[in-house]
Each structure stands twice: as C-alpha cells, then as structure tokens.
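Data first, discussion second: the structure below is written as structure tokens.
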Amino acid sequence: MSYQGKKNIPKITSDRLLIKGGRIVNDDQSFCADIYMEDGLIKQIGDNLIVPGGVKTIEADGKMVIPGGIDIHTHFQMPYRGTTTVDDFCQGTKAALAGGTTMIVDHVIPEPGSSLVEAFERWREWADEKSCCDYSLHVDITHWNDSVKQEVEILLKEKGVNSFQVYMAYKDLYQMSNSELYEIFTFLGELGGIVQVHAENGEIIAEEQARMLEIGITGPEGHVLSRPEELEAEAVFRAVTIASQTNCPLYVTRVMSKSAADIISQARKKGNVVFGEPITASLGTDGTHYWSKNWAKAASYVTSPPLSPDPTTPDYLNTMLASGDLNVTGSAHCTFSVAQKAIGKDDFTQIPEGVNGVEERMSLIWDKAVVSGKMDENLFVAVTSTNAAKILNLYPRKGRIAVGSDSDLVIWDPDLVKTVTAKTHNSAAEYNVFEGMELRGAPMLVICQGKIVLEDGKLQATSGLGRFIPCSSFPDFAYKRIKARKQLAVLRAVPRGMYDGPVSDFIPMSRGATPSASTRSSPTKAPIRNLHQSGFSLAGPEEAPIRPAGRRIVVPPGGRSNITSLS
Amino acid sequence: SLSPSLSLSFSLSLSPSLSPSLSLSHSLILSVSLSHSLHSSLPLSLTVSLSLSLSLSLSLSLSLSIPLSLSLSLFLPLSLPLSLPLSPSLSLSHSLCLSLSLSPFLPPSLSHSLSVSLSLSIPPSLFERLLIKGGRVVNDDQSFYADVYVEDGVIKQVGENLVVPGGVRVVEAEGRMVIPGGIDTNTCLNKAYLDSPPVDDFYQGTKAALAGGTTMIIDHVTPQPGTSLLQVFEQWQEVADRKCCCDYSLHVDIPQWDEGVKDELEVLVQEKGINSFQVYMAYKDLFQMTDTQLYEAFSFLSNLGAVVLVHAENGDLIAQEQKKILEMGITGPEGHPLSRPEELEAEAVFRAITIGNRVNCPVYITRVMSKSAADTLTQARRKGCVVFGEPLTASLATDGSHYWNRNWAKAAACVTSPPLSPDPTTPQHLHTLLACGDLQVVGSGHCAYSTAQKAIGKDNFTLIPEGTNGLEERMGFVWDRAAALGKMDENQFVAVTSTNAAKIFNLYPRKGRIAVGSDADIVIWDPDRIKTITAKLQQSALEYNIFEGMECRGVPVLVVSQGRVVYEDDKLNVQQGTGRFIPRKPFPDHAYQRINTRNKVIGRQAVSRGVYDGPVYDVPSTPKYITPAPSAKTSPTTQQPPPIRNLHQSNFSLSGAQVDDNVPRRSGHRIIAPPGGRSNITSLG
C-alpha cells in the first residue's frame, strides 16, 4: 500500500489508540473484540491485547464499532458559473466526519472541451489543501474524443482514478449519444474502469422543460414535472443495455425513483453487472416539497434526477438496499446558498442543482432501514462503507475492521436520537432538506486516520490532513465476472462454401453499415458516418468492377446450381 | 310510387342475358322492391336514363357537388369506356346512392340510370349473392351456429332459416368455423431495395394472402428520406389499385422529421384516410430519429389522432456492433443476429413506450421478435400505458438458429429486422403472450426478396436486404401453435388475426367481424386439415420458404372476399385490381378513448407563490440556457438544435438577462448579507 500525498503531513498519525470492549461490526459478521491502532493502521484485534504503555484507551462499553463510512458521491467546492458550492472540501469533510463518514469520493467535473487531467490536478490541489479526511476522486467525462481517450488512460493507469461518470442528461452540454456511450463503455471495459452514469433522458427533458415553461410553470415544481421518473427508468434501461452489450460493469449514480430501482433490480436478476446508488435525499425525503409555497424551500430540493413526488419512494429504496438490489449509498452532497439557487427564481431550469446529505447519510439509513428492521447491522456496514470500498478497489484497506486496514472507525450509538436542523448542522447551507427529522442512531466517536476527530459531540478536524487514496483498475467486485464472461463470449463466423449463385445487380452504396432500402445519405449526421464509410469501403468498391452487371439475376447461363439450390 | 316502373323494367331485364346480374348498388338494396327489378339490360335502361338523366343531374347537383361528373358520364354511352378505368367512380356511386335514398320521390327511371352507372364503374362479376349454410360463426366475442347471407359484398343477414331470394349460390359449411377474414397489418409488397422491387408485388402478395385466409392487408408505404410522403403514397395507391385482389389499406412510414412532413401528415390523415404512421429507431443515418424527433413526432401524431407504429431497435448500438462484427471477420448472415441482440430491441421498446407515455400517445410496436421485447411491452401494459404489440409470422413459427445454417441462401432468407431470436423458446413465449392478450395483433412482415437479391450481401451481412415471407402462413401458424394446442380459444384466434387489427386501425366493425352490415370478407376454416408448407406449392414467387417442410394444422377451405368466392378447393379465382383502398378515420376508439380521457384529466398547474425578493446571486449572462449544470460553457462537440433553444432563449431574456448584465452594477456583495438583513420569503425558519 502506498500512501500518496503523505509528504506534507506532520507526525499526527502516530497516535496510538486502544478501543476496549466494543462489538466490531463488519459486513460479514459481528464479534466482540478490542482494537489496537498505531500510525493510522489497525495493528491488532482480539481479546486481552498486549499493547505498549501510554496508549490512550477508549471504553466502548459494548457499543458497535463499525468501519468509517465511505460517501461515494460528493460535490464539494464545485465550480458553478463563476462561484462554487458553499461547502468546500474543509466544510464538507467536517460535515462528513460529524456524520460518521471518514472517506469521501468527489466528482471532478471538467468543462466540456477542457483537459481531464488538468481538471483532475486542480481538484487534487483544492482537496489536498483543505480536506480533513481521506478522499478519492471520480472523473466525469463531459465530452468524448481521442484525446479524452488518452487522458482517461493516463488517469486510470497513473493517477489512481478508476471510476468515470458519463451523462445521459444535460442536452447540448454533457450529454453523450448512444454511440459515444458505446465507445466509452467499450473503452473503459477494456481498461478495467467503472462506468458511472447519470441516467436521465436529456432529449426528452429538454422537450418537457420547453413545454413546462410554455404553459407558464416556472417554479421549482417545473423541475420535477419536466423530469418524470420514467425518463430516469428509461435511461437506466438503456445504460444497462449498452453495458451488457459491451460487457462493462455499470454503476448508476443517484437512483431516485422506484421505477429506476426496479430496472436495476431486474437487470441484476438477468445477471448484468450493475450497481445502484441511492442518495441520502432519495432515501430520506420525497418530492412533494417541490410544491411548497416557500420558493426558497422548494428550490432547495432541486436536484437531478429529482426527488420522486411519490411519498412511498424512500421506503421502497430502503427495502431495495436491504435486499441487496441496490448496493451503495452516496449523498450527492452539493449545496448552494439560497441566493445561488435564486438564479433560477423565474425559470426553474436555471436553479443550480444539489441537495445536502453527507452528514445525515449514515444516521438516516440506520433510522430508516435498521431501526425498522429492514436490514441488519452488517448489511448497514456493507451499504454505507464496504461495498463502496469494494467497487473502488480499496477493500480491505477501507470498509473493514481488520488487521492492516486503515484505522477509520466509528463507534456507533444505535439509540442516540438527533434532530436534523440547519441551525446545528456542519454544512454551510442555510437550508437542510431533512429539516426537523428525528433520526435515531448517530456516531459517538469517530476516528479518522487513527486520530479521534469527533468525541462528545465535539469536532476536532484539521483541514489538509486528508490524503488522496488512489484506486486501481479492475476491481474484483465488478470485474471477476466480466473477465470470465469475456473468455466465454467469443463470436465465430460460420465457415461456408463460397456463394457462387447469381447476385442481383445493385449500385454500390456510398455509405456502409446501414442495411436498408436506400443509398441516399442523410443530411443530418456528420462525425460517426466516417467510421462506417471506412468500414464499408473495404467491401464495396471491390465488388463493383469484378461483377459484370446486368442480367445475371434471373437465369444465369449454367442454370441455378451450387449452394444456391434450396432443396 | 316506384312499383309500376319496377314491373316494367323487370320485364325488360328478362330478355337480355348479357348484362351481369351484379349491378346492384348499396342504396338500391335499401329499397328492396327496386333491387329485384334492376337486372336490367344495359341498352334499355340507358335509353331511359338518357331521357331523364337531365333532371337527375340537376337534382344531384343541388344536393351534392361531387357526383356531377359522374352523372355526365351517364348521358352518353360512348363515354363509358373512358370512365371505366377510373377507380374513384366506385366511391362516387356510393354518394349517389345516398342522395337517392334521401329523395325517394324521384321517378324510378332515375334509379335505373343510377344502376347503369354502377354496373359500368364496377367490373362485372364482382358481387354475387351467397348463402353460407350450416356453419359456426366465430367472432372475437362468441361463437354460434347461423347462416350468413351475403349480397353486394356486404353481409345482409345472419341467423337461422333466412329468407333469401332465389338463384343464390349456397355454400355448405358443414359445421365448420366461419370466421372473419384475416387482416395482415404488416406487409411490404412494394418496398424496393436498391431499386429492385420485391418478387411478391401487390398481385402476387394478395394472392398469397387470400390463399392463407387473409382478406385484407395493410401495406407499408416506405418513402426515402427527402421525398414527398404524399407523392409516394399516391404512387403506392396507384400500384395497389391496379394489382391488389383483396381490400387493402396503407401505413405511411416517416423517413425523417421536419416541418414539411407535418403538413403532409395532416393531409394524409384528414384527406387520404391514413391513421397510422411508422417511425424508425433503427437504421442509423437513414431513417433513424433521435429521441427529440420522436418526441415531436409522437406529440404531433397524437394530436392528429393517428397510431404511431415504431420499429424498435437501437440503431446507434447496432451500427457499432455491426462494425465490430465485421472487423472480427464475420460477414455471413450470422452476423445479423449477432449485431442485433435482443436487448437492443427491448431497450428501444422501453424507450418508445416512455416517450409515448410522456406525450400521451398510443404506441404500436411492429415486429415483436424477442421474449425480452415482449416482456417489456407486457410490463408497460400493466402500468397502464396504451401500447400494442405485433409479433410476426416468422417470430411465431421459427427461430434464429437458421442464421448459422451452412447454406448461405437459407441463412440469408431468414434475415429480417429485428432478427429472429436465436432462443428456440421464443415462439412459444410469444404465443403465450398473444393468448393472454399482452400482444394483440399478428402481422407477417412479408417482404419477399429472391436469393439473387439477398446475395447482394453475400460478402457483407449488412447489405442483405431484409424481409421474410409469412403472408400465406400467418393464420395457419397461429392456429397450429396456439389454438390447436389449447393456448387460446377460437375467439381469441379471431381477435389476434383479425378483430384487434380492425379495432386498432379503425376498421371495425366493417372489417374483423361477421355481422349484418360488415364487409363480406369471410373464411371457412378447417381446424383439422394438415398442410405441409413448401415453396413448391405456395402462392408467393419466392424460391425458398423459411418455414419449408413445417406441418401446419388448420387451413382455410373457402375464402370469400368482397362477397365473392375467391378461394375454393385449393384453387384461387382472383382478378387483378379488384382490391379497394379502405380509408381509415383518425382517433380509433380502441386506442384513443383512454388517451382522450387522460388528456382531459391531466392538467398541470404552477404553484402560485409570492415573488421571491431575496438576494439573487449575480451570474454573467450566458448565451446558453437550458441545462442547469455546473458550467455554462458551450460544448464544442454538439450543436444546439435551433427550435428549442429559441424558445428558451426568449424566455430567459425575460427573466432579467440584459445587455449590461456583465457590468458589475452593485453586484457581488448582495449575496452574503443584503443591507436589510435576510428577510421575506427567503427566511428559512
């Protein structure tokens, strides 16, 4: 294991800690044992450990000790029209730690046309400077061409990024066509990356938005009306199809609706390698707030895909999490101030999108799923931490309490009840979408990199301590099956004798690929046509000179014979 | 007042036998006394008409403007040959009859002249009187024993112990099933591939149809991108009028979407009697439409009351897969199914239904070829979407394993899109869904290309013209694979082969039902006779039948089309050009009743709020607006379609973007703490 980014960290990680009398909960089992940590690593686990003197001892009193949460989806310090989200990496990671999350994975969003690597470096800089906990990065692919291809390869092989997000929404900005998606999926499938998709049908959204504005709906309710959940389900279905076609693992970010979750679950039942990520907001609240009379409140819920107006959605998604059909949870934490949201006060399409959730994530899942008996504590660990670590190929360094793992631990109090409110939360946002919710279950003590950062409700995080954790390609969790299938799925041509019967005369087409009734070229397309053209020219022009034209069709001189005979 | 002249003409009609006895029009039958008299000879009644037709034309011109031209042709017997080839004369005669029934006080000689005009416009021996005795009439809702009396191509009576005139031909059904003639909703009998037409044209194809018990086809008009829909439609209609030997109607395919198409569609729907249009999600760079175009096309067509047919396959992915497969060196027909796996079909079906549901438009999926596509459709129906599915004869009777056949010609014969599924359990599954009503209609997708035509793609499977046969075998296979096995009953058999199609395309109850007033398209079906399918005995001109050697239980014994026996004792007795174009009205109830109600119920309303007067973050005005996203830069790769952008752009400029927006007028600090502190609606407590 290499620790990149450690260089400018002073000797803080040498804290020695002993947690006594806790019940360790991993994703597979729970057992009572003490944990001894040194230098940010877990050194020993067991009863009656022999530890050096002068070690700080924490009495867990039989409480659960769980691996620190991994929030696989955040947008801290995200630039937006010359401003940034109000939670920067310092504020954001503080909120994360306060909620029991000890690692975040942020999205790098390069502007279309700009360099992915440069954007990645910029994000690294911001995060290294401010982050209080370990982090990793996804890179969003916002446009696609050969140079992007090379950059993706560099990021995968040298920079420690193994997951890339593509967009099926945001027409004319980030949206990828099906052909581009196919190419990206194929490419990443070969390199061992994880494809994350933002699944919504951007073209239809654009149409619906235009329609909503036309009929005079300009408030935040237009957001959810123009992005009905079937568009999400449709895009998920399409993404699953493309992924299965290209034999590439698929990760659907932001599962917000029942129907999208259903599609994922069906695809998994068919054997597709698909992971679904509901976010805190979709697990905790619903889209009825878009109709709130308070514009600011309604706007604070605006995110994409939108929260579903169906109030049974959160419950349903929690059930799917518990049944293993959805695998990981993120927060998609992306907070804007009310003034920033008000950019869209007269036009909902202008409202910057994003909700909070990084701090509430763990508690909310505990409250909604574990307290209600939907899932057990082990599955809770799996969906909040372990599965994410496996997908990112960080397991067992993260996501597990075991000897040799990073000492990112949380002592979890399953009975502590907290009321969520914007007044006391750690985010800088003025509004919390979970305002007023009483959540049972909260971290009592949080250890990050072997250091206590939360104790007795007090946060002592230091910004700049967070390290970048590189993720390597081909995570077993996703790729073992893919690799096996690749070996099996080899297509072969049927060896036949040469067809030497009559061939109907035809004008060679100028354009290949499309088996169809006409040779006219369509006036609309440009870039992809070239590919086909080259592919075809191998077969086409060869034909024209060799075959004499004319009457050969009806009755060839020698009569019908050879393979052509049909009896 | 009419009776005296009747007796007169009757006596006249006895003498010459040269006139066919079939010169009866619809309205004449309405007044029964007249109909008997009008076996009149041509010359005699003509003389009568000459003397009186003046008054006729006058009275008609008062009531109707159209028939004037026809009544002119009545004056001179010499002009009759000229009016013969004009096919519209038939429909005109209908309108004439109407005016007659409205004015019964006219002298009877008028009706004589009318009857003459009819006998001239309609080819002789088209109509005959027919009594089908002792059959079991099977409709989609019930079966019962009854006799059926047919006259003038229309069913006049259904019941027992019918009172019929003498001289009627009697057919003994001997307890066999008497079913409405089949309707094949998907044929391509005039779709040229690289300028060479399919070997089965409208004549050859409709012959095959009649031999299989199908008495009506709906053919696809397939214009090339850039051509006028209307012109191509008229061309198609002209060819079909000349060649068809059974009734037909037409779907029009929309090869591309633009403003000009819209006007043509409106004309087609409102004047030409077309209520179904096909769009393509496959055939990239040719017919394929983007989601945006589909959205527009769907909403436009649903306003017109048309049914949208969708060829559902993901063309983008197919293009990619084809490239890949060709690169791997697979050039034979097996590349066809390999490059078009069934999930691409299921994906497109899902997308089509989503779009249809968004704009509240009924969607009809043509060519359901795979289990997953059918399952997707089933799920959507369970959610309440208005969607119909049409499996093809080929997908119901055979599977895609033939693509791996060593004989290139055999393998290529199966090439169609979407391809036959290599999963051999597919046909059974589709039959089950047909039986339970999740799929509604059976088409044939009949598009016959000879082996030499198929061989255009001998070195590249993407060039193989697509299409299989199935028109003649359609009814037989549904009976053999579903009804004979007990999956569906005889009524459901009638529903999926005929009635449902008639309902969806607004032909019901004229077609698809045996009832008084319906067209006399009737089949006597023998459920037990077994037929072996072979290219040697088929009507189609193809040299290879993809169902070659299959045994099929259930065949038509006798087929009546337009009131005339056209198939009997395995012999066809048809005539080119007797088929009529059947116009279809928009807003078929079967599809649109629900849609219309939903349109009324769904109303979206904005929330009325106070005006937001809190601080607003200052943004530089960007030329682009749509996408609410972290960056407003225009991407260099994609262009923005003008129509949508314009709408928004104008909308946005209202919201405050102004020329001087970039000038920092009191900008900046308003965000964090406005002078008066946070207040108003912005306050969050």
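The values are calculated or read from the model by the stated rules, or taken from the named source; none is laboratory data. Please read these numbers as outputs of a predicted model, since none were measured by experiment. So basically every Cβ, Gly included, is an ideal-geometry build from the backbone, and we count neighbours across all protein chains shown. Note: areas computed on protein heavy atoms with side chains; ligands, DNA, RNA excluded. Shrake-Rupley method; radii C 1.70, N 1.55, O 1.52, S 1.80 Å.
Could you list which residues have their amide H under 5 Å from that of A:GLN44, counting only those 5 or more apart in sequence or on another chain, with H placed in the peptide plane?
Under 5 Å from the amide H of A:GLN44: A:TYR36.
For a quick check of understanding: with a 1.4 angstrom probe and all protein chains in place, what accessible area in square angstrom does A:LYS345 have, to the nearest ten?
60
Any aspartates and glutamates with Cα under 20 Å of the A:LYS56 Cα? List them, leaving off those in the same chain fewer than 8 positions away.
Cα-Cα hits under 20 Å: A:ASP15, A:ASP34, A:GLU38, A:ASP39, A:ASP47, A:ASP406, A:ASP408, A:GLU455, A:ASP456.
Among residues other than B:ASP489 whose Cβ falls under 12 Å from its Cβ, what is the net charge (Lys/Arg +1, Asp/Glu -1)?
For residues surrounding B:ASP489, the net value is -2.
So who's got an amide H within less than 5 Å of the one on A:ASP39, skipping anything under 5 residues away but keeping other chains? H placed 1.01 Å off N, in plane.
Excluding prolines and chain starts, which carry no amide H, the hits are A:ASP15.
Once you order the gyration tensor axes a ≥ b ≥ c over the Cα atoms, which shape class does segment B:514-568 get: rounded for a/c under 1.5, otherwise prolate or oblate by comparing a/b with b/c?
It is prolate, given that a/c is not under 1.5 and a/b is the larger ratio.
Could you pull out every one of the lysines with an alpha carbon less than 21 Å from that of A:LYS171, ignoring same-chain neighbours closer than 8 positions?
A:LYS341, A:LYS525, B:LYS284, B:LYS624, B:LYS633
Shape of segment A:70-215 from its Cα gyration tensor (a ≥ b ≥ c, root eigenvalues): rounded if a/c is under 1.5, otherwise prolate when a/b > b/c, or oblate?
In terms of gyration-tensor shape, oblate.
State to the nearest 20 debye the size of the charge dipole of chain A about its Cα centre, where the only charges are +1 on K and R beta carbons and -1 on D and E beta carbons.
The dipole of chain A has a size of about 1720 debye.
Ranked highest first by average number of other Cβ atoms within 10 Å, how do B:241-251, A:451-461 line up?
B:241-251, A:451-461
For a quick size check, give me the Cα extents of segment B:514-609 along its three principal axes, largest first, whole Å.
Result for segment B:514-609: principal-axis Cα extents of 76, 34, 28 Å.
Let me know the shape class of segment B:189-342, please: from the alpha-carbon gyration tensor, a ≥ b ≥ c as square roots of the eigenvalues, rounded when a/c is under 1.5, otherwise prolate if a/b is greater than b/c, or oblate.
oblate
Compute the relative contact order of segment A:64-489 as a whole-number percentage, counting only Cα pairs closer than 8 Å that sit 6 or more residues apart in sequence.
Reported as a whole number, the value is 23 percent.
Please find the FRET efficiency linking A:GLU214 to A:GLU190, where r is the Cβ-Cβ separation and R0 is fixed at 41 Å, and quote it to the nearest 0.05.
0.35
Note down the nm distance, to one decimal, between modelled labels 7 Å out along Cα→Cβ at A:ASP456 and at B:GLN576.
10.3
Determine, from the Cβ-Cβ distance of B:SER228 and B:ASP589 and an R0 of 30 Å, the FRET efficiency 1/(1 + (r/R0)^6), rounded to the nearest 0.05.
Efficiency, from the Cβ-Cβ distance: 0.45.
Using a 1.4 angstrom probe on the protein heavy atoms only, line up A:TRP126, B:TRP257 by accessible area, largest first.
A:TRP126, B:TRP257
Sort out for me the Cα centre separation of segment A:216-275 from segment B:174-242, rounded to whole Å.
Computed from Cα coordinates, the inter-centre distance equals 40 Å.
Each residue of segment B:600-617 in turn: what ³J(HN,Hα) in whole Hz from Karplus with 6.51, -1.76, 1.60 and θ = phi - 60°, glycine and Pro shown as x?
6, 6, 6, x, 9, 10, 6, 7, 8, 10, x, 6, 6, 10, x, x, 10, 5
Per residue, what volume in Å³ does the Cα convex hull of segment B:460-505 take up?
Dividing the Cα hull volume of segment B:460-505 by its residue count gives 117 Å³.
Could you list log10 I(q)/I(0) for segment B:171-270 at q = 0.18, 0.20, 0.22 Å⁻¹, which the Debye formula gives when each Cα is one point scatterer?
Treating every Cα as an identical point scatterer, log10 I(q)/I(0) equals -0.86, -1.00, -1.13.
Enter the mean number of other protein chain beta carbons within 10 Å of the beta carbon of each residue in A:489-497, as an integer.
Rounded to a whole number, the mean comes out at 6.
Starting with the highest mean, order A:377-390, B:591-604, A:86-99 by the number of other Cβ atoms within 10 Å, averaged over the residues of each peptide.
A:86-99, A:377-390, B:591-604
Take the alpha-carbon centre of segment B:477-539, take the same for segment A:372-393, and report the distance between them in whole Å.
Spelled out, the Cα-based centre of one part sits 57 Å from the other.
How far apart, in nanometres, would the label points at B:THR532 and A:LEU416 be if each is projected 7 angstrom from Cα along the Cα-to-Cβ direction?
Result: 8.4 nm between the two label points.
Summarise the long-distance tail of P(r) for segment A:64-489 by giving the % of C-alpha pairs beyond 35 Å.
20
For segment A:130-188, what relative contact order do you get, as a whole percent, if you take Cα pairs closer than 8 Å and at least 6 residues apart?
34
Per-residue ellipticity at 222 nm for chain A, helices alone: DSSP H runs ≥ 4 residues times -39500 (n - 2.57), over residue total, nearest 500 deg cm²/dmol?
Computed mean residue ellipticity for chain A: -8500 deg cm²/dmol.
Exceeding 27 Å between C-alpha atoms, which entries from my cross-link table qualify? They are A:LYS368/A:LYS483; A:LYS368/A:LYS458; B:LYS487/B:LYS511.
Violating the 27 Å limit, Cα to Cα: A:LYS368/A:LYS483.
Setting aside same-chain residues fewer than 8 positions from B:LYS156, which aspartates and glutamates have a Cα under 13 Å from its Cα?
Within reach: B:GLU128, B:ASP147, B:ASP519, B:ASP521.
Tell me which DSSP H helices of chain A clear both cut-offs, 24 Å or more of axial length from alpha-carbon atoms and a mean Kyte-Doolittle hydropathy of at least -1.0.
The qualifying helices are A:229-246.
Enumerate the amide H contacts of A:THR83 below 5 Å, restricted to partners 5 or more residues apart or on another chain; note that Pro and chain-start residues carry no placed amide H.
Distant-sequence amide H within range of A:THR83: zero hits.
After finding the eigenvalues of the alpha carbon gyration tensor for segment A:311-462, what semi-axes result from the square roots of 5 times each, listed largest first in whole Å?
After diagonalising the Cα gyration tensor, the semi-axes are 28, 20, 17 Å.
Through the Karplus equation 6.51 cos²θ - 1.76 cosθ + 1.60, θ set to phi - 60°, convert the phi angles of segment B:390-398 into ³J(HN,Hα) values in whole Hz; use x for Gly and Pro.
Karplus-based 3J(HN,Hα) across segment B:390-398 equals 10, x, 9, 3, 4, 6, 8, 10, 9 Hz.
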